[in-house]
1. Consider A102 carefully, then state whether it is in contact (Cβ under 8 Å) with a residue 40 or more places away in the chain and buried (at least 22 other Cβ atoms within 10 Å of the Cβ).
2. Given the conditions (1) buried (at least 18 other Cβ atoms within 10 Å of the Cβ); (2) closer than 21 Å to T184 by Cβ; (3) modelled with pLDDT under 90; (4) not aromatic (F, W, Y), report the number of the one that T240 does not fulfil.
3. Please enumerate the residues belonging to region 194-218 that are outside any helix (DSSP H, G or I) and either touching a residue at least 60 places away in the same chain (Cβ under 8 Å) or at positive phi (or both).
4. Confirm whether E28 is out of contact with any Leu (no Cβ under 9 Å at 6 or more places or on another chain), more than 18 Å from A122 (Cβ to Cβ) and modelled with pLDDT of 80 or more.
5. Any idea how many residues of region 140-169 are crowded, with 17+ Cβ neighbours inside 10 Å, assigned to a loop (DSSP other than H, G, I, E, B) and touching an Asp or Glu at 6+ places or on another chain (Cβ under 6 Å)?
6. Considering region 201-215 alone, what residues qualify as being buried (at least 17 other Cβ atoms within 10 Å of the Cβ) and either of a type outside the set (F, W, Y) or assigned by TED's automatic domain parsing to the domain that holds I124 (or both)?
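The values are calculated or read from the model by the stated rules, or taken from the named source; none is laboratory data. Computed from a predicted model, the values in this text were never measured in an experiment. Positions of Cβ are generated from backbone atoms using ideal geometry, with glycine treated the same way; all protein chains shown enter the neighbour counts.
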Amino acid sequence: MEGQGNGTTEQTRARLLLLYGSPQQGAELVQRLSPEQYEVISCPVSAASEGWLDELQPELVILAPPDEEKPLLAACGAVRERTDAPVVVLSDRGDELLITRALAAGVDEYLVLPMGDRELAARIEALLRRLQRQTALGDTRQVGDLTLCTSDHSVERNGKRVFLSPIEFRLLACLASSPGKVLTHQTLMSRVWGAEYVDSRHYLRLYIRYLREKLEEDPTHPQLIVSEWGVGYRLEPDATSGRSTPVAVSVTG
């Protein structure tokens, strides 16, 4: 494991964990990340499943694994099992199927290389801002028999824990911010994935299906997460046992 920084401003810098596929790749990426802004800890991607990573508590994970599909997806899954921090993949492969599979494995952002330093920095800052807003906006929201807690990304329905991936949680939290109100496809894509993904509705359909499979009594006839054909989706309060009680909740944007 390698670190960079002089320690004098460490408390004010975001901690990033960089998992690289090759030492040369790791060294190049470290050089592109400002030491004034970030404390960067770098190590081989093979360490993604090692227990000591749990103690690092990074604010963001940058994953630059080998471009072969199996090791890339394995690394995505291993990292997500270790942390709830945002995970961004940097890869030369940009085919849609692989990106969809990486997002399904819990990745928050998939960036296709080559990419300029300014764009890379802007994407990292956008993810960190979403995390900061999530922390600032509060802890719990109750919508009928659904309870969302932003401090640990936990969800319960009728007192029973429902395990969601980070993206699934953000999507549900976004819907729960306006129960009974239709949120357009563009709004959901922008808030959950970012403005650059507004035209990638297949991601949204995929994760709506995941949520329904975990939350609906009959996912083939959804009553909780309802489609408004051609417009978007809404969280239906009448499908839960109680009235919506507004409390602050995290919504990415």
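1. Details: in contact (Cβ under 8 Å) with a residue 40 or more places away in the chain: no; buried (at least 22 other Cβ atoms within 10 Å of the Cβ): yes.
Spelling it out, it is not the case that A102 is in contact (Cβ under 8 Å) with a residue 40 or more places away in the chain and buried (at least 22 other Cβ atoms within 10 Å of the Cβ).
2. (2)
3. Taking region 194-218 as the starting set, the residues that turn out to be outside any helix (DSSP H, G or I) are 194, 198-200, 216-218.
Hit for region 194-218 is G194, nothing else.
4. Details: out of contact with any Leu (no Cβ under 9 Å at 6 or more places or on another chain): yes; more than 18 Å from A122 (Cβ to Cβ): yes; modelled with pLDDT of 80 or more: yes.
Taking the combined requirement at face value, the residue satisfies it.
5. 2
6. The answer is L204, I208, L211, R212, L215.
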